[in-house]
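The values are calculated or read from the model by the stated rules, or taken from the named source; none is laboratory data. Nothing here was measured: the structure is a model prediction, and the numbers come from that model. So basically every Cβ, Gly included, is an ideal-geometry build from the backbone, and we count neighbours across all protein chains shown.
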Amino acid sequence: MLSVEDVTVRLADSFNVVSGVSMRIERGEVVGLVGESGCGKSMTSLAIMGLLPAPQARLQAGSIALDGKDITSLPPYRRVEAGCGGVAMIFQEPMTSLNPVLTIGDQLAEAIRVHDGVSGPALRHRAQELLEMVRMPDAALQLGAYPHELSGGMRQRVVIAIALACRPQVLIADEPTTALDVTVQSQILALIRELCDELSMAVLFITHDLGVVAQLADRVLVMYAGRIVESAPVGTIFREPAHPYTRGLLACLPNPLARGRRLQTIVGQAPRPHEIGDGCAFAARCAYAEDACRSPGADWRQVDGDHGVLCRHPQSGQLVQ
Amino acid sequence: MTTGPVLTVEGLTTSFRVKRGGRMRRIAAVKDVSFTLNQGEILGIVGETGCGKTTVGRSIIRLVKPEKGEVRFGGVNVQALSDSKLRPIRLGIRMVFQDPFASLNPRRKVGDSIAEAGDIHGLFDGLDDRARQVAETLSAVGLDPSFAERFPHELSGGQRQRVGIARAILPSPKVIIADEPVSALDVSVQAQVLNLLADLQEKMRLSLLFISHDLAVVGQISDRVAVMYMGHILELAPTQEIFAKPKHPYTAALMAAVPRPDPAVRIKGSTEVSEPPSRLEEAAGCPYVQRCPIATALCSKTMPPLRVVADGELVACHNA
């Protein structure tokens, strides 16, 4: 459904924040894109939407296709149109995505008018239908509510409803539950899963939270310093991760039922984009790194049928926690 | 390993005045909260947004003034002290905040920020002693002493939080109140800072009140955990017990909602809406009654007291 080939995003004409990222997402599939702050996951999503903050950031290379149709050079509003496949995006903080002085109904109506060209009762009917799709209680009543009258979880439901107004075939969700409490988060995750199945959308779910990925995703892409370093089905990523970074990340997760207070750590910290050299960006923090790792040319290799890794020394075996 | 209480909180109630519908109303952010922090213990306080966990921490050192209740530290009731007598207490109980960037003055060198408490309270014996203590404190938190000459913007998030911890430990406090100290950090850096806090706790025989919304983090570092909901402590128990067998239905729901990093145990999530009620419309009974699967008529009438249900395990529930 969504196919991204070799996308490179260059910042301020001096360094790359996203380097050669490729991915394919099928209908009815949730792909989790996981990584720490500054790894380029949000920039990747903005590149897909055509929303890169110009002129600082620009698409240096690569192509994006929806259902086989190249949309790389289309402006963002054309990418949202149902005619060419439809990509919609939701963001982390629902309050900043909503207009505080317009009612929920007005904001839904705006999106519906653009996509369906309807007005009057048909418009209202569709707005209510969208709110019902996101399981909003008392949908008809809530059309008149303002964003500040709703809780964080409700606001995120409204944002999802607006995103669904264009009947998207691809939904990009950038940390949509990060600002929410865990009990509300689990409701929103369940909602996204159900909508993905019901509407057979392709969902790209971006998060820093490995727990959320484990709960929701079918496949996982791990990103580090602008590159995808590992790609595998969710079970494989958590059971037998091959990249030393993925293994390190999983090992340093807190576990309340484990004995002892000390956690494993990854030494040092991730490089900033301008500090990334030609070799493997993880080499400085990697226990398995050799001289060869610091020179360019690490190739993507398939560990298994659908399990790939960008590393000269992929590890094998189960992760012991 | 732990001996005797170093800090005792009893019946702590803190409320804020808010304007709603044109008139002033009081909202009790913390209601009748009692617990003890033992010598050398890490006590975690966990709860969702607005549950009052931060206000508990701030009330203890009187950054906000509580309405009722007692906080005993070193044999004195902190709440009854005059402002001038409170100052030495603030050397014994130190705070570490969530956002290490917001809590550091961007125009002061890191070393000056770390030395600030010592400067105010006259802890240094001349400039050489000051420089020596700052250097020692920086080493203690795993930073090179040369960081004293740097400014906050030159530091990464993890390094800034180490500076935040250095500021707290310089006067050799007995108690540290850490309010979401790792929430702004990435997991790999979070693990480093959690290890540092655990190491310091051991080396300096500190007692830690560790406040966070993140159950996994609280469970990792704490000896005991208190669960808060709408201003009340609903359950307080040793970490192993509370995670293995939560007794309060809210604790159980909270634990079940935490997304575990294991795709083999997926939450059977409901898409139905269930959120905490507004703090403005509070009734007499248990605050969890609307969302509780085992609520009875009694629950909407009276708030259950925090009672002992097993050795060291306290639960505020009529039906637990």
Residues satisfying the stated conditions in region B:270-292, i.e. at pLDDT 90 or above and within 23 Å of A:Leu189 (Cβ to Cβ): B:Tyr288, B:Cys292
Positions within region B:38-53 being polar (S, T, N, Q) and touching a Leu at 6+ places or on another chain (Cβ under 9 Å), in sequence order: B:Asn38, B:Thr49
Residue satisfying all of: in region A:200-233; of a type in the set (A, V, I, L, M) and over 22 Å from A:Gln92 (Cβ atoms); farthest from the other protein chains (Cβ to nearest Cβ) among these: A:Val229
Search result, residues across region B:207-233 that are within 12 Å of B:Phe35 (Cβ to Cβ) and aliphatic (A, V, I, L, M): B:Leu209, B:Val225, B:Ala226, B:Val227, B:Met228, B:Ile233
Residue count, region A:254-284 (criterion: among the hydrophobic types (A, V, I, L, M, F, W, C), touching a residue at least 12 places away in the same chain (Cβ under 8 Å) and either more than 7 Å from chain B (Cβ to nearest Cβ) or surrounded by fewer than 21 Cβ atoms within 10 Å (Cβ to Cβ) (or both)): 8
Segments classed as strands (runs of 3 or more DSSP E), wholly inside region B:22-79, with at least 2 members that are closer than 21 Å to B:Ala216 by Cα and among the hydrophobic types (A, V, I, L, M, F, W, C): B:42-46
Complete set of residues in region A:277-288 that are over 23 Å from the mean Cα position of the chain (by Cα) and of a type in the set (A, V, I, L, M, F, W, C): A:Cys280, A:Ala283, A:Ala284, A:Cys286, A:Ala287
Test: residue in region B:91-106 that is over 22 Å from the mean Cα position of the chain (by Cα) and either closer than 30 Å to B:Glu10 by Cβ or not aromatic (Phe, Trp, Tyr) (or both): yes
Of residues in region A:180-199 being among the charged types (D, E, K, R) and facing another protein chain (nearest Cβ under 7 Å), the one farthest from B:Ala252 (Cα to Cα): A:Glu194
Conditions (1) in contact with a helix residue (DSSP H, G or I) (Cβ under 9 Å, 6 or more places away or on another chain); (2) part of a helix (DSSP H, G or I); (3) charged (D, E, K, R); number of the one not met by B:Arg132: (1)
Hey, A:Ser151 at pLDDT below 90 and either closer than 29 Å to B:Asp214 by Cβ or in contact with a Leu (Cβ under 8 Å, 6 or more places away or on another chain) (or both) or not: yes
Identity of the residue in region B:80-90, of a type in the set (A, V, I, L, M) and either in contact with a Gly (Cβ under 9 Å, 6 or more places away or on another chain) or in a loop (DSSP other than H, G, I, E, B) (or both), that ends up farthest from B:Ala226 (Cα to Cα): B:Leu81
Every residue from region B:107-142 that is more than 24 Å from the chain's Cα centre (by Cα) and among the polar types (S, T, N, Q): B:Gln133, B:Ser139
Some residue of region B:208-221 being without any contact (Cβ under 8 Å) to a residue 40 or more places away in the chain, farther than 28 Å from B:Gly52 by Cβ and not basic (Lys, Arg): no
Tally of residues being buried (at least 21 other Cβ atoms within 10 Å of the Cβ), under 26 Å from A:Val184 (Cβ atoms) and either away from chain A (no Cβ under 14 Å) or β-branched (Val, Ile, Thr) (or both) across region B:32-51: 3
Residue in region B:103-120 that is buried (at least 19 other Cβ atoms within 10 Å of the Cβ), β-branched (Val, Ile, Thr) and not in a strand (DSSP E or B) present: yes
Contacts under 9 angstrom Cβ, first residue in region B:244-262 being under 20 Å from B:Arg307 (Cβ atoms) and modelled with pLDDT of 90 or more, partner of a type in the set (Val, Ile, Thr) and part of a loop (DSSP other than H, G, I, E, B), 6 or more apart: B:Pro249/B:Ile294
Subset of region A:23-49 [in a loop (DSSP other than H, G, I, E, B) and either in contact with a Phe, Trp or Tyr (Cβ under 9 Å, 6 or more places away or on another chain) or buried (at least 21 other Cβ atoms within 10 Å of the Cβ) (or both)]: A:Gly35, A:Glu36, A:Cys39, A:Gly40
Test: residue in region A:156-164 that is in contact (Cβ under 8 Å) with a residue 24 or more places away in the chain, within 14 Å of chain B (Cβ to nearest Cβ) and not aliphatic (A, V, I, L, M): yes
Test set (1) at positive phi; (2) free of Cβ contacts under 8 Å to residues at least 40 places away in the same chain; (3) of a type outside the set (A, V, I, L, M, F, W, C) - B:Asn77 fails condition number: (1)
The one condition in (1) under 24 Å from B:Ala102 (Cα atoms); (2) within 13 Å of chain A (Cβ to nearest Cβ); (3) in contact with a helix residue (DSSP H, G or I) (Cβ under 6 Å, 6 or more places away or on another chain) that B:Pro171 fails to fulfil: (2)
